[in-house]
């Protein structure tokens, strides 16, 4: 039978048996629906009861623009070396060790396109932490420290034309002119997408479009 969103919910629930904290990673190319899937999983799993699932995106570890300018990497923001990968891996390790009262994770402000320190508190009630980002399965440099911290990693797979179209629309929504958005998506974003696609075989589960929440897959009730 085809994989469904309900199947994903059931699989995520099983990751944290006996009250131990588990970490679920969701990866895929830019525009593949990682954030949409993570957000929907967290909302559905938490339901109307006491929240036990936290969402910690990788995007909070973007280097600030001022540092990208200093390094000469601003024109390829989003590439692996434009993140604090070692810091991200260290945060995941702290979350997995589960020995602290509250762990604060950085967020990412889309309007400003900048990270925001200490924006996401993860308290002791969080028994499942869902984290999502492009490079969770990358095995080079400090990125190689990420995968050992995660119980499972799921790879979101969508139609390439749909992915590109939605990515262009996202860049336009946050201020880029159409021509600039297309150039960025087919240039910098596509190089990153090709790199991420090469990690697909390392995933524990490939999530097909039909199992993704709308607009990336079939609508879910």
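The values are calculated or read from the model by the stated rules, or taken from the named source; none is laboratory data. All of these numbers come straight from a predicted model, not from anything done at the bench. Cβ atoms come from the backbone with ideal geometry, glycine included; neighbour counts cover every protein chain shown.
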*Give the residues of the range 163-179 that are surrounded by fewer than 16 Cβ atoms within 10 Å (Cβ to Cβ), at pLDDT 80 or above and assigned to a helix (DSSP H, G or I), sorted by residue number.*
169, 172, 178, 179
*The lone exception for residue 15 - which of (1) assigned to a helix (DSSP H, G or I); (2) at pLDDT 95 or above; (3) over 11 Å from the mean Cα position of the chain (by Cα) it fails*: (1)
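Give the range 18-43 a look and list any residue that's within 15 Å of residue 127 (Cβ to Cβ) and in a helix (DSSP H, G or I), or say none. First the steps, then the outcome.
Going through the range 18-43, the residues within 15 Å of residue 127 (Cβ to Cβ) turn out to be 18-24, 41-42.
Those that are within 15 Å of residue 127 (Cβ to Cβ) and in a helix (DSSP H, G or I): 18, 19, 41, 42.
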_Consider the range 10-51. How many of its residues are surrounded by fewer than 15 Cβ atoms within 10 Å (Cβ to Cβ) and over 19 Å from residue 149 (Cα atoms)?_
7
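Check the range 50-59 and report whether any residue there is under 20 Å from residue 109 (Cα atoms) and part of a helix (DSSP H, G or I).
At the first step, the residues of the range 50-59 found to be under 20 Å from residue 109 (Cα atoms) are 54-59.
Imposing the further condition that a residue be part of a helix (DSSP H, G or I) reduces the set to 58-59.
There is at least one residue in the range 50-59 that is under 20 Å from residue 109 (Cα atoms) and part of a helix (DSSP H, G or I).
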_When residues of the range 60-90 are limited to those that are at negative phi and not in a helix (DSSP H, G or I), the one surrounded by the fewest Cβ atoms within 10 Å (Cβ to Cβ)_ = 64
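Applying the selection to the range 106-116, what residues are part of a strand (DSSP E or B) and in contact (Cβ under 8 Å) with a residue 24 or more places away in the chain?
Here is the first cut: in the range 106-116, the ones part of a strand (DSSP E or B) are 106-109, 114-116.
Selection gives 106, 107, 108, 114, 115, 116.
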*asked:* Just to be sure I understand, how many residues within the range 118-146 are outside any loop (DSSP other than H, G, I, E, B) and without any contact (Cβ under 8 Å) to a residue 40 or more places away in the chain?
replied: 3
*Quickly run through the range 146-161 and pick out the residues that are under 29 Å from residue 23 (Cα atoms) and surrounded by fewer than 16 Cβ atoms within 10 Å (Cβ to Cβ).*
148, 159, 160
